[in-house]
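See below for the structure under consideration.
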Amino acid sequence: MIRLCHAVAVEGRTLGGWGRCLSVAILLLLPFAGVLQAQQLDRGRDGVEFEAFAGVYLPGTLTLAPGETEFQLEDQELILGGRFGYTFGFNLFLQADVSYIPLTMTFPSTGTEMNLNTWMWTGTVGYNLQIMPAAQLFVLAGGGLIQWFPNGLATETQPTAHFGGGVRIYLTPGIAIRAEVRDHLLQKNLTQTRESLSPGITVEDELTHNLEISGGVSLFFGLNRDSDGDGVYNNLDVCPDTPSEVAADAKGCPLDGDGDGVPDYRDRCRLTPSGTLVNQEGCPLDSDGDGVSDDIDRCPNTPAGVTVDEFGCPLDADGDGVYDGVDRCPNTPAGAMVDEFGCPLDTDGDGVYDGIDQCPNTPADREVDENGCSRIQAGLEAGRLVLSSVYFQTNSANLLPQSRRILDEVGAALVDRPELRIEIQGYTDSSGAAGYNLNLSDQRARSVFDHLVATFPALDRTRFTVRGYGEANPIATNDTADGRSLNRRVEFVVLNQQ
C-alpha cells in the first residue's frame, strides 16, 4: 500500500496523489470494519454534532475542448467549513455541510489568475462502525450544490454528489477529533464559466473526481445518557444492559471480583479460586455432589452420600469396601465380610463374623471361641479333642443319656471334616486294677465309636481307630475326686494332622 501511494504521488501532484491513495485505502478498509464492529458495542452516540473543519481540496483535471481558452485550476487549495448533524442511537447520522474553497484559475498565456470563490452546500447520510468504545470508523454519501463566484463572470451553480469515509475519535463524551476523505463527483465542472471564457465553444460534460482531505473538531450535545443506570454513558458502555443499581467498571460491565465470568450481583460464590469451572450462579462445579469442586476432584464419580477426603475420594475408615457415609456399620472389624450396607455377615449365627470365623458352619446353639469355633471344632483343629464330659454307668461301657449331646456334636464336626483320620482313645482313673482299667477303657472307646457310626451313617468306619489306654497318661492328679473325674475321659486324636 505504501509503495502504491508513493507511485501515485510521484505521478503528478504529490499531495494530490497521496490524497487519492488515502481515499482508496480508507474505502478498501471500510468493508472490513464490519468484522470489528461485530465484536464491539452496536450502539451509536445519539445526539447533535457540530464540526468545524479544515483541509485540502484537490480539484479534478479538466479536459479542454479544441479552441478553448487554456487555463488550469490550482493543484490544491485550502478548504474550510462546518457541519451540523444528528446521530441516532442505531449508528446512523445525518449532516448538513457548508464549505468554502478559495479556488483559483490560472491562465498561463498571460500569467493572470481568477478567483473562483467556490462554495459547496451539501447534505450527507452516514453510518458509524464502532470499533472501540472511544473510536468509530464511518462511511458516508450525499449530494448538494456547488457554486462558483468567478470575478467578472456570472455565478455558476451545479449539482454535486460525494462519498467517502473516515475516523472519529472521542476525547471526551462531548468532544471528538475527526478525519475523513471525500470524493466530490461533478458532471458539469465549470461548464458555464468555461463557455463564457471561450465564446462559441460548447464544452462537453465530463465526470470529474475532486478529492477533499480534511480534519476537524466535533462537539456533541445530548450524549450523556445512561440507559441502564450503571453510571457509564451509553457511548462508552460496553455492556449496555447492566441491571439498574448493579456496580459496574469503567466500561459499564458488572463487576466480577473473582474473575469467574459470573458478575458479582449474580455470583453466589464470590471467592471462587481463579481457573475454577463454575455454574450459572458462580459456584464451583461439583458434578458428583461430594462437596469437592471438579477442578480438584480426583474421584469425579463418587456415589451420592459418600464421605470424601479433601481431594473428593471416598473414605472407608474400617476398610470393608463400603464407603463411609453409606456404611451403616462403620466399625466393622478388619477381615470381616460385609453386606451391601457395610454390615458384617454371620452365616452360622455364632456371633463371629464371616471372614474371621474359622469354623463357618458352627450350629447356632454352640458356644464358640474368638475364632468362631466350638470347643469340639477347636480341638479337632488342634489335632486333639479331650472330652471329660462323656459319662458311662459305673464300671460299665454303657453311655449315659447326657453323653449323647456332646457326642452328637463331635459326630457332626467329623462329618464336616471327612479328610480327618481319627483314633478314639479311652482312659480311666487309677482306681482298681490296671488290667481291669485297660479293658474298661477299650470297651468305653468302642462304645463311643459305635454310637457315632450308628448316629451318623455318613461317617466312614475305616477312618477310625479305637483303643483303650486305661489309667495311662493322666491329665490331672488321681488324689482328688475332681482330678479322677478329669482322667476318666475320651480323646479324639487326629492321626493325619499336617
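Accessible area per residue for the chain is 51 Å², calculated with a 1.4 Å probe on protein heavy atoms, without ligands, DNA or RNA.
In this structure, Asp369 and Leu255 have a Cβ-Cβ separation that, at R0 = 60 Å, corresponds to a calculated FRET efficiency of about 0.25. Each Cα pair under 8 Å and six or more residues apart adds its separation to the average, and for the chain the resulting relative contact order is 8 percent. Karplus-based coupling profile of region 445-456, in residue order and whole Hz: 4, 5, 4, 5, 4, 4, 5, 5, 6, 6, 7, 10, with θ = phi - 60° in 6.51 cos²θ - 1.76 cosθ + 1.60 and x standing for Gly or Pro.
Look at the dipole of the chain built from charges on Cβ: of Val453, Gly174, Phe84, the Cα furthest out on the positive end belongs to Val453. Computed from these coordinates, which is Cα extents along the principal axes in Å: [x] 68, 46, 44; [y] 177, 47, 31; [z] 64, 63, 50? Label of the calculated value: [y]. Taking every DSSP helix (H) stretch of at least 4 residues in the chain, weighting each as -39,500 (n - 2.57) and dividing the sum by the residue count yields a mean residue ellipticity at 222 nm of -6000 deg cm²/dmol.
Modelled spin-label separation between Leu92 and Gln72, with each label point placed 7 Å from Cα along the Cα-to-Cβ direction: 4.5 nm.
Ordering Gly335, Gln377, Gly349 by Cα displacement along the dipole of region 288-431 toward the positive end leaves Gln377 in first place; charges were set at the Cβ atoms of Lys, Arg (+1) and Asp, Glu (-1).
When you restrict to C-alpha pairs under 8 Å that are six or more residues apart and normalise by the size of region 324-427, the relative contact order lands at 13 percent. Could you let me know the centre-to-centre spacing of region 64-89 and region 123-176, using Cα atoms, in angstrom? That distance is 13 Å. Surface composition of region 326-463: carbon plus sulfur atoms hold 51% of the accessible area, using a 1.4 angstrom probe and ignoring ligands, DNA and RNA. Overall, the accessible surface of region 237-296 at a probe of 1.4 angstrom is composed of carbon and sulfur to the extent of 52 percent. For the chain, give me the percentage of DSSP beta bridges that are antiparallel, rounded to the nearest 5 percent. So the antiparallel bridges amount to about 95 percent of the total. In the context of the full protein assembly, Asp228 retains an accessible surface of approximately 20 Å², using a probe radius of 1.4 Å and ignoring ligands and nucleic acids.
Along the axis of the charge dipole computed for region 285-442 (Cβ charges of +1 for Lys and Arg, -1 for Asp and Glu, origin at the Cα centre), the listed residues Gly289, Ser403, Tyr323 are led at the positive end by Ser403. Taking amide H as placed 1.01 Å from N in the peptide plane, Thr104 has its amide H under 5 Å from the amide H of Glu74, Leu116, each at least 5 places away in sequence or on another chain. Working from Cα pairs under 8 Å separated by at least six residues, relative contact order for region 275-354 is 16 percent. In this structure the amide hydrogen of Val338, modeled in the peptide plane, comes within under 5 Å of the amide hydrogens of Leu345, none closer than 5 places in sequence on its chain. Computed about its Cα centre, the charge dipole of region 305-394 is approximately 620 debye, with only Lys, Arg, Asp and Glu carrying charge at their Cβ.
Taking the alpha-carbon centroid of each part, what is the distance from region 474-498 to region 322-341 in angstrom? That distance is 44 Å.
About its Cα centre, the dipole of the chain is roughly 700 debye, where the only charges are +1 on Lys and Arg Cβ and -1 on Asp and Glu Cβ.
The amide H of Gly468, built 1.01 Å from its N in the peptide plane, has Gly426, Asp442 as neighbours under 5 Å, considering only residues 5 or more places off or on other chains.
The values are calculated or read from the model by the stated rules, or taken from the named source; none is laboratory data. Just so you know, these numbers come straight off a predicted model, no measurement behind them. Please note: Cβ atoms are built from the backbone with ideal geometry, for glycine as well, and neighbour counts cover all protein chains shown. What goes into the accessible areas is simple: the full protein's heavy atoms, side chains included, and nothing from ligands, DNA or RNA. Shrake-Rupley method; radii C 1.70, N 1.55, O 1.52, S 1.80 Å.
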